[in-house]
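The values are calculated or read from the model by the stated rules, or taken from the named source; none is laboratory data. Quick caveat: nothing in here was measured; it's all calculated off a predicted structure. Counting neighbours? That spans all protein chains shown, and the Cβs are built from the backbone with ideal geometry, glycine included. In case anyone asks, the SASA skips ligands and DNA or RNA and just uses the protein heavy atoms, side chains included. Shrake-Rupley method; radii C 1.70, N 1.55, O 1.52, S 1.80 Å.
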Amino acid sequence: MPHATHPPSPGLQALILCGPGLSLNTFTSTPSTLPKCLLPVANRPMLWYPLDWCHRMGIYDITLITPADAAPPLEAALRSHPVLTSLSGPRPEVLAPKGLEMTSGTAELLRLGEVQRAIKGDFVVLSCDFVSEIDGSRVMQQWMSLNPALAAASFSRRKGGLAVYYPTHGREGISSKKDETDFVATVPFSRPNVMPPTGSLRQGVEEVVMVMPTDTLNDTLDENKQALPIRQTLLAKHGNVKIRTKHRDAHVYFLPLWVKDFAARNEKFDSISEDVLGWWAKAGWQQGLAEKLGLDEVLAGKRSTDDEAANGGSVDEHEEVDATALSSTRSAPAPGRQPPQAFATRVGNSTVPPPRPKLAVPPLLAYMQPASPTQPLIRRIDTAPQLASLSLHIARLPPSDTSPLAHEHKIHPSATIGQQTRISQEDCLIAENVTIGTRCNIKESVVGANCEIGSNVRLTKCVLMDGVVVGDGVQMVGCIVGKRARVEGSSAVGVKAGEAEVDGAAMKGKGKAKQKASAQSGGEDDDKTKLTECEIAPFFVVEAGTEAKGETMKAFDPEGEVGGDEDEDVDVGDEDNEE
Amino acid sequence: MAEQGEPAEQSKTADEPKVSAAELKKRAKADKQARRAAQKEQEKAPAEVPPATNGAHQEHLTQAQGVQQDQKGKATQAKGQQQPKPSKQGGQEVRQERGGPSQPPNIPLRNKAASTAPSKKLPKKDNTVVELLSHLYPVQRRPNLAGVSKDVHPAVLALGLQISTYEICGSSARCVAMLLAFKEAIQAYTTPRDTSLPRHLVSHHLSPQIDYLRSCRPLAESMGNAIRWLKKLIVELDPDKPEHEAKDFVCEEIDRFVHERITVTDQAIAASAQDQIRNDSVVLTYAKSAIVEKTILQAHEQGTRFRVIVVDSRPLFEGKRLATSLMRAGLEAQYVPFSGLAHVVKDATLVLLGAHSMLSNGRLQSRVGTASVALRAHKADVPVIVCCESVKFSGKVALDSIVLNEIAPPEELLLSPIPEKSPNHPAGVATTAVTGKSAAPGKSAAPGKDASEDDEPAKLKTLHDWNSIPNLRLLNPMYDITPAEYIRMVICEYGSVPPSSVPVVHRLANEGM
């Protein structure tokens, strides 16, 4: 992905959290070999998307934070994966803090010593499953231009943060009712001074006052007899609160440096999205909360950590010339004395001054993407259906498209395609070195690198990850097939069935769906392999003649699978030989 | 083109049987050729529509080809969409100028609100530009960060964004913010090996920053003065000075500059200007100036009892912010839109104005509309006092607002956000162009419209479409020039001087150092 010119550095560093991927466990049950962030999405490792997004913003200082056991495959992939190595710029650094477990919360992660040391300035936190068509620099521009403190003071403790929320609904083919959502309450941020130019995201920027995942919301509702208690102070301060329940946190946060200390101070914080942002948002209006959370000291710049003493130093005090105070588009903050309230409400921009003007909590802003099919796509991929729908969405993008996600080749030139095989160009994606037999019919599918597809295969709405082998005559609809899995077809039954008997115990957990197949094993092959809406784990072998719908096929015994993995790693070639 | 023409003809033949005869076909062909000759570019879009659908048919036969054609169709469609605008105007404007009552541009010899008046000028090539002021239009207000030099320091980058969104607005605010950002940029600078800091810093490190800021918004006079001072300071550094010492020295000097020329100066000016406010005064001010605000607040703190009238203007509504902060301080403030100026000026006993810049002929350059306020006040014998730091004094001379000014993007005048998908797919309507023709003469609102305009007969144009409305120009100037004779006094840190002393102060303050 050569970028024409490098954008200027925005002075931010990025932390990409490469988590365990709990909801994708069909494919990620062994993080030591295939961590979530390397799962292919439209034939690119998932990690590519946030990396490329950062690069387009001009952020090259990127740290990947991952649990220790996922670090080696991640590093190997960064060194060797053709898609990841084609990214320009320095290779991101992999940080595997000692105390980090697969189950650690994201805020806990921020508190770890290694991470605290790694954060040297304002930073962006991304999740590895973030896919966005929206240009990161447009979001960043909003963060930069709306920072209340003059951004020039780079160690300023008054900078705010910016999160991104996307609508989960209103997107055909991608939205589904089951998508996870968050509960977000926002108030309008001060109106823009002039109408922002077209293409600016300013209209969508609002100030967050409450945020929690829908799970937490439901718990709260259950506790309170289906009522959501909201403090009066919120309504006293903000008269115009908008509550959204269909948006989802994109897990992209532009955060100022002080958030690092904020997270470090509050041991109770578990996740960034729920706790750090949730409490920060509340501290903006709830009386006394900011002090309770230690925000006053954090913002006062008590540098809890060692370094920086050299940076601040002598000038800090008298240098408090505030250019924003001079600005003609700002009004001066209220003096200590309480003004008569009657005035304040008449003027649009005024807000009732906070009771303690000493502590102004910097605003937590959010870009709330409007729900409209014409909007560029922002998504998180944390379930298998999303993985599939997003892969297919990307496959549908024409190669010339302006979207940064579009592939250059819909069908890679190195793919071998048999005669009379039909592949619908506009919605398929075929990667390198794919072999496809004769008389296949492939529609709306993504086929990963080095896949082998036999003859007479029908694939519709399928996602095949790398190195999948599909036998002759297989029919699959809406399936997601993990790396190097094998779906056996009719012609191979004779051989395969015998083989399956032999090493079945070692590497094949048998799904229930296969009972039928095993009953007939060795028998004749009248029935073809037909899979509908199945998820097939990596390295799994689906026997010939299997018919299944809506199943998840994976090995039961994780240890057996690990053993199997190692075998498979060595002898993928063997499998080929056997055929 | 050949391939495009074909499908269009096919559709023609489909229509034909109703009226019969090859005559019709001929006529249609001739008609089409004429149209094509008239506006080649315009043609592209309508002719392009059928192939796109054709492409869909072919897709089943040869997929690869279908896709290709689709793409081509799209590409040319896109081109077609973009191009009609200029060609449209090119076509119709010539006609108009002859037919319509063309007005000679009456250039005011010296004037105040001159710049607000010419909202309609001779229509020329470009619909978006007012011809008389075309020299003032910035090359392009930077829409995003793409193409910014990568040497730009993050702090400057952020500042540029804040300036272009008017988060930081006002001459002195921008100047201070710029200097603080430069301090960061200088601290981040390391001298390359074969050169020295005084020789390298300005030309290679600071100038990209300055260029970037200039592309965000034209530099203010105060910024220009500060940059000149800073460059001089750096160039005159001792080349043998160790780098970190030199950087520290420059940063300290910047702090001192901000402190002396702006912070302390503001206090001095406010202290001397507040004496002009007496008990029972009625102070009228326009838009928002940091010094005026400070003056008023200080006078209020001193216990003077007075009233403030804030006159405000679109589109920035800076006066609103001033009124807000005055009310927060407990002052009695009256907020009036610009249209109410004549009404309130009678009540005023004093007019306090801020400045963007004081020009050497004693004229004041300030937010557009200031000149009218000063004129009104002068007519009503209300003294007009300008508060201005000497950083904002300029060696330039201007008689009118046409030579020196800044044109902001006209979109900023719009009240509601621009709908996202307004010009999206007009191509689909283009095939009905023939039917649209009959309706054309009935339109009285837009007599200058030619055939190309009739493609979308139903669409009601709003101000958002000002780009495509012939005879309409939007102009959004930032400043105007107030003649010196309306100004009673200029208060700067050198004391209260008449406007005629501006060049002296300028020489002392900005060139003497």
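Structural remarks
- Anisotropy class assigned to the range A:163-226 is oblate, per the alpha carbon gyration tensor with a/c at or over the 1.5 cut-off and a/b no larger than b/c.
- Trypsin sites (Lys or Arg not before Pro) restricted to DSSP loop in the range B:156-247 with at most 12 other C-beta within 10 Å: B:Arg193
- Net charge, A:Asn240 excluded, C-beta distance under 13 Å - Lys, Arg +1, Asp, Glu -1: +1
- Residues of the range A:161-205 buried by at least 30 Å² of accessible area upon assembly of all protein chains, compared with the chain on its own (1.4 Å probe): A:Asn193, A:Val194, A:Met195, A:Thr198.
- Proximal charge balance of B:Lys294 [Cβ under 12 Å; K/R count +1, D/E count -1]: -3
- Across the range B:320-361, the volume of the C-alpha convex hull divided among the residues equals 125 Å³ per residue.
- Between the range B:168-182 and the range A:360-396, the Cα center-to-center distance that results, in Å: 37
- Annotation: peptides A:275-287, B:496-508, ranked by per-residue average of other Cβ atoms within 10 Å with the highest first, follow the order A:275-287, B:496-508.
- Summed over both chains, the accessible area lost when B and A associate is about 5100 Å², using a 1.4 Å probe.
- For the range A:1-147, the gyration tensor built on C-alpha atoms gives an oblate shape. Its axis ratio a/c (a ≥ b ≥ c) is at least 1.5, and a/b is not larger than b/c.
- Peptides B:150-160, A:257-267 ordered by average Cβ neighbours within 10 Å, highest first: B:150-160, A:257-267
- Applying both filters, DSSP loop and at most 13 other Cβ atoms within 10 Å, to the trypsin sites (Lys or Arg not before Pro) of the range A:101-135 gives A:Lys120.
- For the peptide A:134-143, the mean number of other protein chain Cβ atoms found within 10 angstrom of a residue's Cβ is 3.
- Farthest toward positive dipole pole in the range A:374-457 [+1 Lys/Arg, -1 Asp/Glu at C-beta], among A:Ala395, A:Gly437, A:Asn456: A:Asn456
- Peptide B:309-316, shielding by other chains (average Cβ, 10 Å cutoff): 1
- When the C-alpha to C-alpha distance is required to be over 30 Å, the pairs from A:Lys159/A:Lys242; A:Lys246/B:Lys461; A:Lys410/B:Lys461; B:Lys288/B:Lys396 that qualify are A:Lys246/B:Lys461; A:Lys410/B:Lys461.
- Here the peptides A:188-197, A:381-390 are ranked by packing, the mean other Cβ count within 10 Å, and the order with the highest first is A:381-390, A:188-197.
- For the range B:231-354: rounded, prolate or oblate by the Cα gyration tensor [a/c cutoff 1.5]: prolate
- Within-10-Å neighbourhood charge of A:Met210 [Cβ basis; K, R +1; D, E -1]: +2
- Other protein chain C-beta atoms within 10 Å of residue C-beta, averaged over B:175-187: 4.
- Carbon and sulfur %, accessible surface of the range B:225-284 computed with the full protein complex present, 1.4 Å: 49
- Between A:Thr546 and A:Lys530, the built amide H atoms are under 5 Å apart, and every one of these is 5 or more places off in sequence or on another chain.
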